Amino acid sequence: MELITDLDVLDDLDAPKHLAEETPAPAGRRVYIETYGCQMNVSDSEIVAAVLRAHGFGLTRDPEQADVVLLNTCAIRENAEQKVRRRLDVFRAAKRKGHPGLTLGVLGCMAERLRTKLLEQEQLVDLVVGPDAYRDLPRLLDLTTETGQAAVNVHLSREETYADIAPVRYDTNGVSAFVSIMRGCDNMCAFCVVPFTRGRERSRPVESILAECEQLIAQGYREVTVLGQNVNSYRYVQNGTTVDFPELLYRISRLSPELRIRYSTSHPKDCSDALLHVHRERHNVCNYIHLPVQHGNTDVLRRMRRTYTREEYLALIDRARTICPGISLSTDIIAGFCGETETEHQDTLSLLEIVRYDHAYMFMYSERPDTYAARKYTDDVPEEVKKRRLGEIIDLQTRIALENNQAEIGRVHTVLVEGPSRRSDEQLCGRTDTNKMVVFDRHDYEKGQYVRVRITGCTSATLFGTPLGTTTLAAGA
Ligand code: SAH
Ligand code: SF4
Ligand code: F3S
């Protein structure tokens, strides 16, 4: 799954356009939510906000105004958890000093992984709630307030998809939104904690996904990113026929010719030709796929239990490029997995040279308790070697991304404007169909418009350009 990064903290509860400013709480209790980890967690925080608002809680973007602070956490790597622990220390200090009534809760993957340990051994928090138990939050909050005792629900469900809950969109630009289509993961990659923290795979009913997308379109959204740990496994039986992921994408793409559709994450083992053909045939399914390879060596991939070889992965990339010319690709890479030799590491570098991804998320292997790797292998690549190898991967990938971007200079792209650029209000930013961020002068253009932009410059991460006028998505089809 594409990461927002461990380090990004979405600490702004920006009230969405269709809501009043900050939602006042009739009962007086106001909740502040801080989100770590992947897009799935961002999407879950929107569900948490909806559940709490429906029970009379208010939302605030200022932790100092809050009666309840909830950290929606990530457990994917050790440093993700350390970051949350440091944040918990800050809030516990605030509680001791001037705010004894503050309720402090941990949600998400770290809550699920550590379960009652956060209470028993560490006495860190008042509330521990796993990813499948968010409907229970109002009851648990009442319980802990009434009894003064900690409340816990880390039950993992085989059915819960929160299908009927309309997420409260916060921290939104009003242009692009996440829509969760499935939960959990049955893959059991050797390094990964997600199957333990998110439970078994289950798909959300197709009607509820389409209804949510239609509502977003009616609210003026122009882009949806559909989310799941392994979206290719989406499967839902409707009136006796099975809707699979390519069919679901096709149906979403038919809702509006002006709605762009992206998704994350697709596991290479089941990225089918049918899916590639949907990219080719539907102009509004973006010409971009995030296809995490994790490693470039077949033996390491086997140890990782990824179920494909280097050759099979490269064949998939060839197929994707044949069926969808110009498709943009990104990936995830892990450096320093158990037993990784220098030669195996070189295979990751050579794979990067062959595929020439536009973007990669690159990580040092971090052993996670209870995973297959933690139980069966030794985390034997020394820290300095992991760091050096990761550095080589990052350096190479940065050069490739820069070269790919330099090749864009002179081309014209349709950019969906997301808002002001990070650096200046006089500039706007938005993405190309191929998911590249473009920055250009504001003129009279506005958020939510499709603008033709000629690319004039770049860094390895951003394109710069000159706007040529507004357009429609259908016009470029
Ligand atoms: N479902 C997604 C991955 C979600 S986790 C997929 O299969 O692609 C996002 C990324 O974190 C993974 O792709 C992997 O590159 C990285 N990751 C997962 N576990 C890790 C670990 N123990 N150490 C380092 N990186 C890890
Ligand atoms: Fe983790 Fe693998 Fe599932 Fe992705 S597919 S969430 S890496 S177990
Ligand atoms: Fe996402 Fe982190 Fe959980 S990557 S699924 S929030 S462990």
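Leaving out ligands and nucleic acids, and using a 1.4 Å probe, what accessible area per residue does the chain come to in Å²? I get 41 Å² per residue for this part.
In region 176-406, the portion of solvent-accessible area held by carbon and sulfur atoms comes to 50 percent [1.4 Å probe, whole percent, DNA, RNA and ligands not counted].
Between Ser460 and Thr145, the FRET efficiency from the beta-carbon distance, with R0 = 51 Å, is close to 0.55.
Ranked highest first by average number of other Cβ atoms within 10 Å, how do 91-99, 306-314 line up?
Details: 91-99: 13.7, 306-314: 17.2.
Answer by packing, highest mean first, reads 306-314, 91-99.
Alpha carbon centre of region 375-451 versus region 62-141: separation in Å? For region 375-451 versus region 62-141, the Cα centre distance is 32 Å. Computed over the chain, the per-residue total of -39500 (n - 2.57) for DSSP H runs of n ≥ 4 gives a 222 nm mean residue ellipticity of -10000 deg cm²/dmol, rounded to 500.
To the nearest µm²/s, what D does Stokes-Einstein give for region 412-476 at 37 °C and 0.692 mPa s, using the Kirkwood radius over alpha carbon pairs as Rh? Let's see the in-between values first.
Values: Rh = 11.3 Å.
This corresponds to a translational diffusion coefficient of 290 µm²/s.
Residues whose amide H comes within less than 5 Å of that of Met364, counting only those at least five positions distant or on another chain, are Ala335 (H built at 1.01 Å from N in the peptide plane).
Dividing the convex hull volume of the alpha-carbon atoms in region 343-477 by its residue count gives 163 Å³ per residue.
Would you mind checking the pairs Lys95/Lys117; Lys117/Lys387; Lys83/Lys447 and listing those with alpha carbons more than 24 angstrom apart? Intermediate values should be presented prior to the final figure.
On the way: Lys95/Lys117 20 Å; Lys117/Lys387 31 Å; Lys83/Lys447 33 Å.
Distance filter (> 24 Å) returns Lys117/Lys387; Lys83/Lys447.
Relative intensity of region 129-196 on a log10 scale, I(q)/I(0) at q = 0.15, 0.25 Å⁻¹, equals -0.72, -1.11, per a Debye sum over C-alpha point scatterers of equal strength in the absence of solvent.
Rg and Dmax, both from the Cα atoms of the chain and both in Å, are 22.4, 66. If a spin label sat at a point 7 angstrom from the Cα of Lys376 along the line to its beta carbon, the backbone N atoms of region 303-337 nearer than 16 Å would be those of 303-309, 337.
Ranked highest first by average number of other Cβ atoms within 10 Å, how do 333-339, 468-474 line up? Each step should come with its number before you reach the end.
Details: 333-339: 22.1, 468-474: 13.4.
Put in order of decreasing packing, that is 333-339, 468-474.
Among bridges DSSP assigns within the chain, what percent are antiparallel (round to 5)? Please list the in-between numbers first.
Details: 30 of 74 bridges.
Given both bridge residues lie in the chain, the antiparallel proportion sits at roughly 40 percent.
Once each part is reduced to its C-alpha centroid, what is the distance from region 142-203 to region 234-302 in angstrom? When both Cα centres are located, 22 Å separates them.
The values are calculated or read from the model by the stated rules, or taken from the named source; none is laboratory data. Just so we're clear, the structure is a prediction, and the values are computed from it rather than from any experiment. Counting neighbours? That spans all protein chains shown, and the Cβs are built from the backbone with ideal geometry, glycine included. Calculation scope for accessible area: heavy atoms of the full protein, side chains included, ligands and nucleic acids excluded. Shrake-Rupley method; radii C 1.70, N 1.55, O 1.52, S 1.80 Å.
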